[in-house]
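As structure tokens, the structure follows; a few thoughts come after it.
What follows is calculated from the coordinates using simple rules that are stated; it is not laboratory data. Bear in mind that the values here come from a model prediction, so they are computed numbers and not experimental data. Please note: Cβ atoms are built from the backbone with ideal geometry, for glycine as well, and neighbour counts cover all protein chains shown.
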Amino acid sequence: MTTIAAPAPAAVDLTGHPAVEEMARDLLVATPNTLVALEREDGGPTALFMAAARDRFAERTGEHGQRMGDVAHAVLARLRELRPTS
């Protein structure tokens, strides 16, 4: 059984940020193969996704002080909230 990594408190604080919301909504149309490339087996973000999410957040907001994984964890958490459960 795979356990999904719990996001850090800072990442949870970011889940309501408009830039995080935008990134999560963009990923709603992602293919399963794309999503697999973004998440590790434990449900946490890959290093590549962490860097890309942080860079896109900085680009959208001008805020450059986020920890490497906080934005990516927040995006994945928000994406899980937005996805319909089957």
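Of note:
- Across region 9-82, Cα pairs under 8 Å and at least six residues apart give a relative contact order of 48 percent.
- Cβ-Cβ FRET estimate between T61 and D13, R0 fixed at 22 Å, reported to 0.05: 0.95
- Taking amide H atoms as placed 1.01 Å from N in the peptide plane, the amide H of E39 lies under 5 Å from those of T46, each 5 or more residues away in sequence or on another chain.
- Per-selection metrics, region 9-82 (Cα): Rg and Dmax in Å: 11.0, 31
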